[in-house]
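Quick note: the coordinates plus some simple rules give every number you see, no bench work behind them. In this text the structure is predicted, and so the values were computed from the model without any measurement. Every residue, glycine among them, receives a Cβ derived from its backbone with ideal geometry; neighbour counts consider all protein chains shown.
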Ligand SMILES: [Zn+2]
């Protein structure tokens, strides 16, 4: 089964990303390792938590999402897009890869990171999926990390989600 990262629901672009479950786990892990270090504002931390919720542990092949449904704020959209692009750049510079028990495949990951760059660059204020974002906030329980100061995994230093640590849950980790 595959997972998809698209621009917007129902809209297909040549930059849509389709990955196997294993590849998705690695993709999200390397973004988490890079982004946790760079996230400075609450909103940037929320963006990272939302991304890390694409965790294989919540059900194989069910972690597809679209870029316009990430919890963007209109007031800081440009700033937060620039942040996300730095996160991807950090992943390409192998930030935190020493914390992984395996060597991710650049050959397979980097073309998808480049697609993610293009998908994020395209997001405008008009594209933000308010409905899905509202729902995401509503579904967060009181004990959700986004409501509790953004705790991090002690072992990997990445933001926790309601599903735990995406790196601990990565099937390639022992
Ligand atoms: Zn961990």
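Quick one: if the Förster radius is 22 Å, what FRET efficiency do residue 106 and residue 152 give, using the C-beta to C-beta distance and rounding to 0.05? Show your work: numbers first, answer last.
On the way: r = 26 Å, r/R0 = 1.17.
It comes out at approximately 0.30.
From the Cα gyration tensor of the chain, with a ≥ b ≥ c the square roots of its eigenvalues, which class applies: rounded if a/c is under 1.5, or else prolate if a/b is larger than b/c, or else oblate?
Values: a/c = 1.35, a/b = 1.12, b/c = 1.21.
Rounded, since a/c falls under 1.5.
Quick one: compute the contact order of the chain, relative version, from alpha carbon pairs under 8 angstrom and 6+ residues apart, as a percent.
Values: 246 pairs, mean separation 55.1, N = 174.
Over the chain, the number comes to 32 percent.
Tell me, what is the FRET efficiency for residue 114 and residue 57 to the nearest 0.05, using R0 = 30 angstrom and their Cβ-Cβ distance as r? Show your work: numbers first, answer last.
On the way: r = 27 Å, r/R0 = 0.90.
For R0 = 30 Å, the calculated efficiency reads 0.65.
What does the highest-first list of 130-142, 38-50, 75-87 look like by mean Cβ count within 10 Å?
On the way: 130-142: 12.0, 38-50: 19.0, 75-87: 16.9.
With the highest mean Cβ count within 10 Å placed first, the list reads 38-50, 75-87, 130-142.
What does the extension gain come out to for residue 130 and residue 37, with contour length at 0.36 nm per residue minus their alpha carbon separation? Please report the intermediate quantities before stating the final value.
On the way: separation 93, 0.36 × 93 = 33.48 nm, distance 2.72 nm.
Roughly 30.8 nm would be gained on extension.
With label points built 7 Å along Cα→Cβ from the Cα atoms of residue 76 and residue 138, find their separation and express it in nm.
2.4 nm
Any chance you could check the Cα centroid distance between segment 65-91 and segment 103-162 for me, in angstrom?
That distance is 9 Å.
What would the Debye formula give as log10 I(q)/I(0) at q = 0.13, 0.18 Å⁻¹ for the alpha-carbon point model of segment 7-61, no solvent?
So the normalised log intensities are -0.39, -0.73.
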